[in-house]
Amino acid sequence: MSRIEVREDRCKGCLLCATVCPVEIIAQSERFNAQGYKVIEVRDMDSCTGCASCARMCPDMCITVYKTAKAPKE
Amino acid sequence: MQAAEKLVFKTPDVIIDRPTHYCPGCQHGTAHRIVGEVIDELGLADKTIAVASIGCSVFLYNYLNVDAVEAPHGRAPAVATGVKRARPDRTVFTYQGDGDLASIGMAEIMHAANRGERITVIFVNNTVYGMTGGQMAPTTMIGQATTTCPGGRCAEREGLPIKMAEIIGMLGGVVFCERVAVNSVKNIARAKKAVRKAFECQEQGLGFSFVEFLATCPTNWKMSPVDANKRIADELIPYFPLGTIVDRTGGGEDK
Amino acid sequence: MAPERVFIKGNEAIAQGALDAGCRCFFGYPITPQNDIPEFLSKALPEAGGEFVQAESEVAAANMLLGAAATGVRCMTSSSSPGMSLKQEAISYMAGSELPAVVVNMNRGGPGLGDIGPAQGDYYQSTRGGGHGDYRLLVLAPATCQEAYDLVIEAFALAFRYRNPVLILGDAILGQMKEPIARRESVTYDDASGGWHLDGNAGRDKRLIKSLFLDEGALAGQNRHLMAKYAAMRAETRWEAFQTEDAELVVCAYGSIGRIAKSTVRKLRARGLKVGLLRPITLYPFPDAPLLALAGQGKRFLTIEHNCGQMVDDVRLAIRTKADSDFFGVMPGELPNPDDLEGPILKSLEG
């Protein structure tokens, strides 16, 4: 299972990450951070492919990406 | 057994861990990160001297962990010339916006390029003066409304948006010149490749290198970050085409 | 090694002085009457392993100076009056960023394009900062080729001692006049040990050279720091007092006019007239104290300048509690000679 970590305190809620997610699992949450921005959340982390598109698109460097190779099917 | 987890994307080491002052969706941050990735990958962090310019990006030095000097408005290429001539063994780059580079700093950028100064120029074109509040820039698009052309830029009155990468590409001392965008994952990858080549060009002592970034200014465009990003592809790229304009890094003919 | 004596123009003496002071980078732009300086250095500096750049403008030359200064090397630029107006932007930034460098102005006639002859119309610009903001330059005003050579060498030391731009203020007379000078041995300096210059952050924290201070109280703090530095510069005040002890009238004049006035004073002394000369060598800091001391002895004053009256303000400020100063101005556009100054001196002497 691949995953991303979002530093919510750095997120400015621009949603550019959401526009490039190939599996469309990133969306705006209902939470505000200390800066007053409505931060993003991942709706279905299990579907994350670890492609890092969101992190590359993020202007605020608040996404870290961990990829786990898919276990070969038995 | 669970497969091992691998870190595949993190912020470059040379980027200082602090929130930026940029507005939501502003792509200065993306350009900063790309420069940071290249500095890390080429191992240049402890020999780089950055020349910051005037505009929103003056605070570049708050985000990059390298030595830096602040240049007056438009003069970064002249300041970088002085730095590089005094310390030719150091990596010297400027980071300038379109008001800074393409308006008040036109003489300095043209002549630094023409002399073939061994510096790298990162030019961020967001078609507007950002920090001063959204005034018309030399790169403002025809019809684009700003605080000093509220009815939209008019070609008869204000002339056409200046295509800097093409102009720079015509000058003798330029070894590498490319226009990039950071509006998509694919273009971000190309942008990084271009910045890498520009810094390599300097490291090899080949001459002047220039990368123009098309970037958003959602605040002064009065658009959402997502709509602003869409404008890059819909309006800017058709007028400011992406791609390599000059590549003499192989020592051969122009591309 | 005995000092070498060479017969050169004032402009060349300045260039030679820079070279012998270990200047590594020079950024120039053509303008009369200072052209001998960049011409001399375009050959001599690369031969000595340094860098010469003919910039696209005085604006660019001064900003190149800013960049080179930020790396801690000895560097210089030169120009004449209209070009100096264009350099003011970078000079203000350098003062604000506390960068050491030497700037030479071979003053010509103004305002505007003026002429290419000598003048002292840039006194205000030189001593009041010249660009925007509260700042000062150390301003040195040589009167002879030897003094020009010596003061340029001194200027580099002062620039690094105070981390401040130092201005050499000459004029077209000094620049074009040929005199023998005694050269000093050329020395290599290492000024970059102060821990502020940029050379990449290997093994240390990054350094930043800037003049932008937006944080609450930061700019006020920087201005207070600069003012304290300018106050400390008072220790560098220099002047020449010539036959002032028993003088009834003290003529105050600087640079080439100071030298011409000295000839007149000498001539009048030969006729038994009690006149003396105080020639400020540093225009900033201004020699207030010796002037005030002379005023305290009941002497009268005449300020002579090659302009319409600028330094006379500083003379009057210096002596204001005790005395006043007459003024005689040679018009920019006219060439002064010692005989021209005789009438005004005699008039002030008679009171």
Practice task
Only helices (runs of 4 or more DSSP H) wholly contained in region B:1-116 count here; list those with 1 or more residues that are at pLDDT 95 or above, over 30 Å from A:Ser2 (Cβ atoms) and within 11 Å of chain C (Cβ to nearest Cβ).
Solution key: B:60-63, B:76-86, B:106-115
Completion exercise
Pairs returned, first residue in region C:66-77 that is assigned by TED's automatic domain parsing to the domain that holds C:Cys25, second residue that is assigned to a loop (DSSP other than H, G, I, E, B) and aromatic (Phe, Trp, Tyr), beta-carbon separation under 7 angstrom, 6 or more apart or interchain, are C:Arg74/C:Tyr189
Exercise for the section: Could you check how many residues of region C:279-327 are among the charged types (D, E, K, R) and assigned to a helix (DSSP H, G or I)? Expected result: 4
Practice task
May I ask you to say which residue of B:Gly82, B:Gly74, B:Gly116 is over 20 Å from B:Val180 (Cα atoms) and surrounded by fewer than 24 Cβ atoms within 10 Å (Cβ to Cβ)?
Solution key: B:Gly116
Handout entry: Which listed residue is more than 11 Å from every other protein chain (Cβ to nearest Cβ) and surrounded by fewer than 24 Cβ atoms within 10 Å (Cβ to Cβ), from C:Ser92, C:Ser85, C:Ser80
Key = C:Ser85
Exercise for the section: From B:Val185, B:Val246, B:Val180, grab the single residue that is modelled with pLDDT of 95 or more and farther than 21 Å from B:Asn126 by Cα. Expected result: B:Val246
Handout entry: Condition broken by C:Glu154, with the remaining ones in (1) within 30 Å of C:Arg108 (Cα to Cα); (2) surrounded by fewer than 13 Cβ atoms within 10 Å (Cβ to Cβ); (3) without any contact (Cβ under 8 Å) to a residue 40 or more places away in the chain; (4) of a type outside the set (Val, Ile, Thr) satisfied
Key = (2)
Exercise for the section: Name the single residue, out of those in region C:206-232 being in contact (Cβ under 8 Å) with a residue 24 or more places away in the chain and in a helix (DSSP H, G or I), that is nearest to the other protein chains (Cβ to nearest Cβ). Expected result: C:Gln222
Practice task
Looking only at region B:174-191, count how many residues are not charged (D, E, K, R) and not in a strand (DSSP E or B).
Solution key: 8
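The values are calculated or read from the model by the stated rules, or taken from the named source; none is laboratory data. Predicted model only: the values in this text are computed from it and were never measured. Because the Cβ atoms are built from the backbone with ideal geometry, glycine has one as well, and the counts that use them run over all protein chains shown.
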